[in-house]
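Report on the following structure.
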Amino acid sequence: MTKKSLVYIGSTAIVLSGVTAYWFQNTTSPETYRNAAQTIKQTYEQQLFTLSSYKQGHFGLRMFRQTQDPKYLVVIQEDIGIMSIRLNQLSEDLSSKQTMQQYAEQRLTQYRHGKDERSKRRLAATEDKPEYFYLGLDLLRYMARVDDYGLRHRNDKAFRKHLKQYPFDELFTNKTMIKAWAAQLANQAYWLKQLDLGDHVQKFTQALRETYPDHEDYRLSLQQYENKLYGMTHIIIADSGYYQHQVNEADHAWIYDYFRQNIEDIITYTKQDIIAEVGISFLLAGLEDDPVVYKAREAIRNSIEESAGRIPSVSGNLDISYGEHRNVLAIMLLNWQSPNIGPNTTTTPSLFETLPFGLALKQ
């Protein structure tokens, strides 16, 4: 892939390619972006309760961290209840290896039926690691979520014991796993660090770079190129505590350099979810004036189907539930607010006055 160096100056940028310089200027008003975001936001808020509880929580948590609007606390409270139910069930399953095997088998069956490259890679990577579905993809995720809220599960000690015994360290350097689960492994590295269960962030970051060296991008299938990009964006998103605080650009300089050099290819070849995450990665570092943000915003704004009030998939699918992920990202990208911590027991104590069974305040 052809790489171009980008030099940013004020509201204008110069793209240097060989000996030719091109002027770049943002000509779209902030109001235009805000209006586009509002179109999508209104569509999803009107149909929010037709979504699954999980997707309601996904949407509401991100919107609350952006806006601090208390109207989103209703679905966040529901999310807390869902987390308690799932952790309670996992707690019961913990003592039965047979139950854990059945739990994993249900997930593996989905990938056996899949004909796409992602399904085949995930099956090959995890067929001999059934505990990964239970411990990595679910238990660790739910524990990190309730920890974010300032809570813990009553079986927290047993959960932690199992997570400490699981060889996450090996997974973070396993190239087959990275090629199947790059974004998920990025999340898990940061969740383990958050829970004081080990710091594998640098090890995973280095392994991701070795798995996908930039000079071999041309060899990648589209699925693998998107997997690489998802791993990179999720390092930054996870480092921000999922939109709770800014990140330091210098901590991830290689990622920002790559995005600047390859933004044209990213916009041309990848789906809107990734384009939006790349733009948001710059916003999380306080780089709203970077040309990458403008280019990502333009691509996302032009993807909106006005008659539907939302962004369809690359195949044209307008399913409201299926599209929640890319559309909430689009809202954030187009009308970015500063990251905000919470909600948690300190910032929003009234939300936690009554807790669902199984959860308690962190000591």
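Coordinate-derived values only; no laboratory data. Keep in mind that this is a model prediction, so the values were computed, not measured. Note that we place each Cβ from the backbone using ideal geometry, even for glycine, and neighbour counts take in every protein chain shown.
A few notes on this one:
- Qualifying aspartates and glutamates (Cα of each under 16 Å from Cα of K164; at least 8 residues distant if same chain): E131, D138, D156, D196, D199
- In the chain, a dipole from Cβ-located charges (positive for Lys and Arg, negative for Asp and Glu) runs towards its positive end, and of A180, T67, Q106 it is Q106 whose Cα lies farthest in that direction.
- The chain: angle of helix 324-334 to the longest principal axis, Cα-based, in degrees nearest 10: 50 degrees
- Distant-in-sequence amide H partners of G358 (H built 1.01 Å from N, under 5 Å): none
- Between E92 and Q38, the modelled label-to-label distance comes to 4.8 nm, taking each label 7 Å out from Cα in the direction of the beta carbon.
- Prolate/oblate/rounded call for segment 36-121, Cα gyration tensor, a/c under 1.5 rounded: oblate
- Taking the longest Cα principal axis of the chain as reference, the axis of helix 253-269 is set at about 70 degrees.
- Computed from the Cβ-Cβ distance with R0 of 51 Å, the FRET efficiency linking R160 to S307 stands at 0.50.
- A full extension of the chain between L355 and S321 corresponds to an added length of 9.4 nm, given 0.36 nm per residue minus the alpha carbon distance.
- Helix-only [θ]222 nm of the chain, DSSP H runs n ≥ 4, -39500 (n - 2.57) each, per residue, nearest 500: -18000 deg cm²/dmol
- Extended-chain gain in nm, criterion 0.36 nm per residue less alpha-carbon gap, Q363 and K193: 59.4 nm
- Considering all different alpha carbon pairs of segment 117-169, the Kirkwood hydrodynamic radius works out to 12.3 Å.
- Cα-Cα over 26 Å, subset of K129/K157; K120/K271; K71/K295; K115/K228: K71/K295
- Size of charge dipole - the chain - debye, nearest 20, with Cβ of Lys, Arg +1 and Asp, Glu -1, no other charges: 620 debye
- Between D214 and T28, the modelled labels are 2.6 nm apart [label points 7 Å from Cα along Cα→Cβ].
- Using alpha-carbon coordinates, inclination of helix 201-211 to the longest axis of the chain, degrees: 60 degrees
- Amide H within-cut-off set for H200, under 5 Å, with H built and near neighbours excluded: K193
- Anisotropy class of segment 247-290 from Cα gyration tensor, a/c 1.5 cut: prolate
- Vicinal HN-Hα couplings computed from phi for segment 28-39 (Karplus, 6.51 cos²θ - 1.76 cosθ + 1.60; Hz; Gly/Pro x): 9, 6, x, 5, 4, 5, 4, 5, 5, 4, 5, 4
- Additional length obtainable on full extension of the chain from Q223 to E170, 0.36 nm per residue less Cα span: 16.7 nm
- Percentage of interatomic Cα-Cα distances in the chain larger than 36 Å: 22 percent
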